[in-house]
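To start, the structure itself, in structure tokens.
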Amino acid sequence: MGFLRTRFPLSLNISFHARFCEQIRRNYRKSSRYFSSGQTEPFFVTTPIFYVNAEPHIGHMYTAVIADSSARFHRLIGNSVTFSTGTDEHGLKIQQAALHANEEPGRFCDHVSGLFKTALKNCEISYTDYIRTTESRHKENVHSFWEILSEKGYIYKGKYEGWYCTADEAFVAEDQTMLVKLPNGQEQRVSTESNRPVEWFSEENYLFELSKLREKLRHWLKSGPVIRPLRHYNLVKSWLDQELIDLSISRPSARLSWGIPVPGDSSQTIYVWLDALLNYMTVAKHSQSEMNIWPPSVHVIGKDILKFHSIYWPAFLLAAGLEPPKSLLVHGHWLVDDQKMSKTTGNVVSPQSCINLVTATGLRYFLMHEGVPASDGNFSMKRMVRIANSDLADGIGNLVSRCCGKSLNPLQTRLGVSPSSFESCGTPGSDLLSLLERTPDIVHDEYQKWNFYKGIDQVMALVRGANGFFQTMEPWKLKKEGQLDQLNATMAVTLETARVVGTLLQPIVPSYSGRLLDKLGVPQENRSWDFARLRWTTTETALGSQQAVLFPRIKFD
Ligand code: MSP
């Protein structure tokens, strides 16, 4: 393997970093007081920042929707949420993409970053900070962080020789590469992991003493289930059992000009991953929160960027004397017809094409219902339409239109429920009651563990239970026979279940749940997680005047 290093020491100032640490301590004192009142906790969730070399696709939106559902869930349970996303705009890959598009890099980044912002908005992503690595607040942070690493003796200048994969912006060890035959008969060396081309670099740059941090990284890993799912935790553990090679953290500016210069040495540009990972810290430094939000509660990431987040990122932080993230949630990738999405294959699915077909609600529901973090998912428009139709239009839609329809609910009200409402409905009533009592806690636990698909399954089981109950009670017959008490009880119990369903689904499909709760006349202040469980009340509520169709069925051949 061609890795060669020689050392030259460096020394720089640390005042910016010191101010950040002091801010953390000050905020911590404030937040400790706040915690004792039992009111709220800080929750800091992030998406990776997206490369601007290509337009948004559904894989990017998957990361964003997981983070968004998590953010929305934590708001509902009363936490103070900071939720960041944004764009990763430096590095060779972007420099080349801009050149290819025949645009000045700054303008090129403005344009594509704008596309991501729009895509996130159209997917109803409720971020609190959108960070771009070309912003001056970020450059300041990267500089001060570099200085602290240097001050603490983790940076040295040396010679770097090895393979580099520009598409992944990653250094690749020789045994992680292989030769492949191109269609034109020539041979090309590629990264075994990503199958993308690598090039040989031999140059002088700055290196980070990653090798010094193995024990600290192990300690972090042992501190709890910091990486989920477990498979990825074990993978990181095994990486730490192998040799940790010092990391090159700069490139000569002559080769890479589009980036942040090394402080005090403009002949070198900072490695794009060090630059990019620090976005999380820039956000924290500029947070509006009254509380200490460091360390991040969770970084949501795809499996391809696990090493950067589980080794490099915590190592940088530990070297600087800062706490590493509390957890990483690693998800699989979306494939299309069992193939990786790529421009060359021409199978990239744009989020907007899905939104045009099934709305943001349909896309979000599909991604969260079908996406299992531990494995890859296979995307299909047909399946997306089928699931949106069957759960949102039929399952929940029917439940709502049945109990809000004028024929069975002429007064357009939601009656309060009491234990006797369920009792008077016999066994179907007590079965639904026990389901209704169990479901919110299970959903809470699943959402908290980012098992959104399991939480949704529980909600849908409740919906099926309520539809089955309605069918068995035959309220149309009760009306005909004049059994008004039982009719009222049936309607009240079904409407209460629909209210709970709407409340529980808010993190997943916010606008759909909003329409559902509006229809049921639920005031905004009664939509937090405290209201996600069954509530006994004698109060009658007027239904909203909106139409009861929440999600029109979609035709797709
Ligand atoms: N810029 C880096 C991240 C830096 S974070 C400090 C990057 N950007 S990316 O645009 O390539 O990817 C952003 C996220 O999208 C990653 O979490 C990645 O795993 C995810 N996805 C990219 N393709 C994907 C799929 N096909 N399916 C699901 N997620 C995918 O990496």
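The values are calculated or read from the model by the stated rules, or taken from the named source; none is laboratory data. From a predicted model like this one, the values you see are computed outputs, not experimental measurements. Note: ideal-geometry Cβ built from the backbone for every residue, glycine included; neighbour counts use all protein chains shown.
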For this session: Examine segment 326-338 for a residue that is among the β-branched types (V, I, T), at pLDDT 95 or above and either within 11 Å of the ligand (Cβ to nearest atom) or surrounded by fewer than 20 Cβ atoms within 10 Å (Cβ to Cβ) (or both), and state whether such a residue exists.
Result: yes
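Against the definition (away from the ligand (no atom under 16 Å from the Cβ) and either touching a residue at least 12 places away in the same chain (Cβ under 8 Å) or buried (at least 23 other Cβ atoms within 10 Å of the Cβ) (or both)), how does N79 come out, yes or no? First the steps, then the outcome.
On the way: away from the ligand (no atom under 16 Å from the Cβ): yes; either touching a residue at least 12 places away in the same chain (Cβ under 8 Å) or buried (at least 23 other Cβ atoms within 10 Å of the Cβ) (or both): yes.
Taking the combined requirement at face value, the residue satisfies it.
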Exercise. Which of the residues belonging to segment 402-428 are among the hydroxyl-bearing types (S, T, Y), at pLDDT below 95 and either exposed (fewer than 15 other Cβ atoms within 10 Å of the Cβ) or not in a helix (DSSP H, G or I) (or both)?
Worked result: S407, S418, S420, S424
For this session: Answer with yes or no whether T344 is at pLDDT 95 or above and either at positive phi or among the β-branched types (V, I, T) (or both).
Result: no
For this session: Out of T490, T538, T497, report the one residue that is in contact (Cβ under 8 Å) with a residue 60 or more places away in the chain, of a type in the set (S, T, N, Q) and exposed (fewer than 14 other Cβ atoms within 10 Å of the Cβ).
Result: T538
Exercise. Taking the stated definitions as given, is Q339 without any contact (Cβ under 8 Å) to a residue 60 or more places away in the chain and within 30 Å of V272 (Cβ to Cβ)?
Worked result: yes
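Results for (1) over 28 Å from the mean Cα position of the chain (by Cα); (2) surrounded by fewer than 17 Cβ atoms within 10 Å (Cβ to Cβ); (3) of a type outside the set (D, E), shown as yes or no for each residue.
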| position | (1), (2), (3) |
| --- | --- |
| A101 | yes, yes, yes |
| C109 | no, no, yes |
| K117 | no, no, yes |
| T133 | no, no, yes |
| F145 | no, no, yes |
| I148 | yes, no, yes |
For this session: Check segment 467-474 and report whether any residue there is more than 28 Å from S424 (Cα to Cα) and of a type outside the set (D, E).
Result: no
For this session: Being more than 9 Å from the ligand (Cβ to nearest atom) and among the basic types (K, R) is the filter here, so list the residues in segment 339-361 that pass it.
Result: K343
Problem set entry | In segment 509-533, residue nearest to N389 (Cα to Cα) [restricted to those that are touching a Lys or Arg at 6+ places or on another chain (Cβ under 9 Å) and in a loop (DSSP other than H, G, I, E, B)] | V509
For this session: Check E323, E290 and return the single one that is more than 11 Å from the ligand (Cβ to nearest atom), modelled with pLDDT under 95 and either within 21 Å of the chain's Cα centre (by Cα) or of a type outside the set (S, T, N, Q) (or both).
Result: E290
Exercise. Within segment 195-212, can you find the residues that are among the hydrophobic types (A, V, I, L, M, F, W, C), in contact (Cβ under 8 Å) with a residue 40 or more places away in the chain and buried (at least 17 other Cβ atoms within 10 Å of the Cβ)?
Worked result: F201, L207, F208, L210
For this session: Read through the list (1) closer than 30 Å to F201 by Cβ; (2) away from the ligand (no atom under 12 Å from the Cβ); (3) touching a helix residue (DSSP H, G or I) at 6+ places or on another chain (Cβ under 8 Å), then give the number of the only condition that H138 fails.
Result: (2)
For this session: Quick one: which strands (runs of 3 or more DSSP E) lie wholly within segment 163-250 and hold at least 3 residues that are within 16 Å of the ligand (Cβ to nearest atom) and closer than 25 Å to F50 by Cβ?
Result: 170-172
For this session: Can you work out which of the residues in segment 413-435 that are under 11 Å from M491 (Cβ atoms) and of a type outside the set (A, V, I, L, M, F, W, C) is farthest from the chain's Cα centre (by Cα)?
Result: S421
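Conditions (1) touching a His at 6+ places or on another chain (Cβ under 6 Å); (2) under 30 Å from R228 (Cβ atoms); (3) modelled with pLDDT of 95 or more; (4) part of a helix (DSSP H, G or I), marked per residue:
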| position | (1), (2), (3), (4) |
| --- | --- |
| S434 | no, no, yes, yes |
| R438 | no, yes, yes, yes |
| V459 | no, yes, yes, yes |
| F469 | no, no, yes, yes |
| K477 | no, no, yes, yes |
| T494 | no, no, yes, yes |
| P507 | no, yes, yes, no |
Exercise. When you scan segment 296-319, how many residues do you find that are near the ligand (Cβ under 10 Å from one of its atoms) and among the basic types (K, R)?
Worked result: 1
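Okay, residues lined up against (1) at pLDDT below 95; (2) farther than 30 Å from V509 by Cα:
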| site | (1), (2) |
| --- | --- |
| P105 | no, yes |
| V112 | no, no |
| K117 | no, no |
| I125 | no, no |
| S136 | no, yes |
| K152 | no, yes |
| G158 | yes, yes |
Seminar exercise, completed: Among helices (runs of 4 or more DSSP H) completely within segment 258-352, the ones holding 3 or more residues that are more than 21 Å from L120 (Cβ to Cβ) are 272-277, 313-320
Exercise. Quick one: would you say G91 is under 30 Å from L504 (Cβ atoms), over 16 Å from the mean Cα position of the chain (by Cα) and touching a residue at least 12 places away in the same chain (Cβ under 8 Å)?
Worked result: no
Exercise. Regarding E215, is this residue surrounded by fewer than 23 Cβ atoms within 10 Å (Cβ to Cβ) and within 25 Å of Q176 (Cβ to Cβ)?
Worked result: yes
Problem set entry | Residue identified as closer than 24 Å to S144 by Cβ, buried (at least 18 other Cβ atoms within 10 Å of the Cβ) and either modelled with pLDDT of 50 or more or within 16 Å of the ligand (Cβ to nearest atom) (or both) among P56, P48 | P48
Seminar exercise, completed: Within segment 374-419, residues touching a helix residue (DSSP H, G or I) at 6+ places or on another chain (Cβ under 8 Å) and within 15 Å of the ligand (Cβ to nearest atom) come out as A374, G377, F379, M384
Seminar exercise, completed: Result of the Cβ filter at 8 Å on segment 347-362, keeping first residues that are closer than 16 Å to V65 by Cα and partners that are among the acidic types (D, E), at least 6 apart or interchain, is S350/E55; A360/E124
Problem set entry | Selection count, segment 124-138, where residues are closer than 15 Å to F83 by Cα and of a type outside the set (D, E) | 7
Exercise. Regarding Q288, is this residue surrounded by fewer than 18 Cβ atoms within 10 Å (Cβ to Cβ) and either within 26 Å of Y447 (Cβ to Cβ) or among the acidic types (D, E) (or both)?
Worked result: yes
